[in-house]
Structures are given as C-alpha cells and as structure tokens.
1. Can you list residues whose amide H is under 5 Å from residue 125's amide H, if they're 5+ apart or on another chain and H is modeled 1.01 Å from N?
2. Does anything in the range 164-192 have its amide N under 12 Å from the 7 Å Cα→Cβ label point of residue 139, and if so which residues?
3. In straight Cα distance, which aspartates and glutamates are under 17 Å from residue 185, not counting same-chain residues fewer than 8 positions off?
4. Per DSSP helix of 4 or more residues, -39500 (n - 2.57); summed, then divided by the residues of the chain. What does that give at 222 nm, rounded to the nearest 500?
5. Test of the criteria: in the range 6-94, which chymotrypsin sites (Phe, Trp or Tyr not before Pro) are in a DSSP loop and have at most 13 other Cβ atoms within 10 angstrom of their Cβ?
6. Can you compute the modelled spin-label distance between residue 115 and residue 227, with each label point 7 Å from Cα toward Cβ, in nm?
7. Straight distance only, please: which lysines reach the Cα of residue 93 with their own Cα at less than 21 Å, same-chain residues fewer than 8 apart left out?
8. Under a 1.4 Å probe, what is the accessible area of the chain per residue, stated in Å²?
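The values are calculated or read from the model by the stated rules, or taken from the named source; none is laboratory data. The structure presented is a predicted model; accordingly, all values stated were derived computationally and were not measured. All Cβ positions, even for glycine, are placed from backbone atoms using ideal geometry, and neighbour counts span all protein chains on display. Heavy atoms of the whole protein, side chains included, go into the accessibility calculation; ligands, DNA and RNA do not. Shrake-Rupley method; radii C 1.70, N 1.55, O 1.52, S 1.80 Å.
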Amino acid sequence: MIIFSNVSKIYENGANALDNISFFIERGEFVFVVGPSGAGKSTLIKLLMHEETPTAGDVIVNGVNVSGLKQNQIPFLRRNMGVVFQDFRLLPKKTVYENVSFAMEIVGASRREIRRQVPNILSMVGLSHKAKAYPTQLSGGEQQRVALARALVNNPSFLIADEPTGNLNPRTAMEIMELLSEINKRGTTVIMATHAKDIVDQMKKRVIAIEDGVIVRDEARGVYGYEN
Ligand code: ADP
C-alpha cells in the first residue's frame, strides 16, 4: 500500500509542485494520475521513487516511510518498484535479453535465477523471438515491452509508468495498455501518469486528477476530464 499523508514539495527555486496532498493506494489497484502540464504528476512519481524528498509530510510505501530511508536502503525500495518512461530508456548496446538480465544482475540475482526468469518474462511480454535483437532493431511498441519486462523482472509490487504510451501510435498504445492490465490482474499495483484521454476514458479505472499541486478529483471509475 502507498500512503501520501499531507505531502508538500517546494523546489529550491520556490516552485510549489505539490501542496499538502493526501491519498492512499491499495495493493492491486490500477490508478491513473492526470492533470495539465506542470500540475505536479512527475513530482508525485519522483517522491514515490525517492528521487526527490518531500518538503513536508510522509510518503509511506508498504509500511515504510520513504522520506526516512537511508541512502543504502533505497535499492530495496527500488527493487519493489518497477518503472517505465515515455522514452523507454533501454541500454542501446545491450540486446533485449541483456537489457532485462542486467536489471536482475544489479540486484544480485544468481545466474540460475536469471536464466530461469528472463525467458519467462520475455514470453509474458510477447518478445521471446526478439531476445537477441538490439533496441534500435525494434519498433516503439516492442521497445516499451522490453522496458516493461525489465521493470517487472524482479517481481516488484508496484509498477510506476510515467506517460508510457506518449511515443506510441494509438493501436500500439492500446496493446501496451492491455499488457499493463494483464500485469495488474496478476497482482501488481499499477500507477500511471498520462495525458492519453482516450486510454483513460476507455479503461474505467481510478483517476486522481492534480492541478497546481492539489488533488481536484479522485474517482473510482473515472474519466480523463480534460480536452486534449
Ligand atoms: P507535471 O509532471 O504534471 O508536468 P511537474 O511535477 O513536472 O508537473 O512540475 C510541477 C511544478 O514543479 C512545475 O511548476 C515545475 O516547473 C516545477 N518543477 C518540477 N521539477 C522541478 C525542479 N527539479 N526544480 C524546480 N522546479 C521544478
């Protein structure tokens, strides 16, 4: 479970990115975070990942107050949290297989575990046949599938997706959403920041809308609510 309790974030330049926001996300939920540019969505995600610390309030992930984590405890948090971005962020000199296996190596998985788990996860995202390809040889949708495989290979409880369909055409975007839905059905909590109106309106999941650093809407089967 994720709890934001009276969280504010003021950057050093004085920008008040989040202003006293509170919400919780239960295990297994699928949540869209929407709002205009500059509303505070990325800041929310950075606080979750401990890339930024709150100016006030508490961010609690699975019972652990993230703001209180020491530097050497952050890898444990990150292991529990897979992340995908709009621009995929794959390692260009590594193959599909290596991009995914590398994520296991850095958390100290054994070679045996890696050999077992990587093919499983590549098969789940439908990319077994591309294991030896390099990122530049893949379509955008395929690259995002690799990024998803890498995010999920260590079995995190949360998947954080920051505008994951932003670089994809509508059809490919929908395929990625189907995959995210499937991943969520298997028990992973999904939190996705997005501007994709069609996707949010179609999926009928929980929507948290942020404007100017405050939550203006939190609906169980919500809609995007803005014109694109
Ligand atoms: P969104 O993701 O919804 O577009 P952000 O969280 O990126 O919104 O930004 C929220 C506000 O915080 C904006 O006013 C933005 O200019 C400011 N901001 C974001 N990151 C930084 C930063 N690293 N330093 C200073 N101001 C920032």
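1. none
2. It comes to 168-176, nothing else.
3. 26, 29, 175
4. -9500 deg cm²/dmol
5. 11
6. With each label placed 7 Å out from Cα toward Cβ, I get 6.0 nm.
7. Leaving aside lysines fewer than 8 places away in the same chain, those within reach of residue 93 are 130, 132.
8. Averaged over the residues of the chain, the accessible area is 50 Å².
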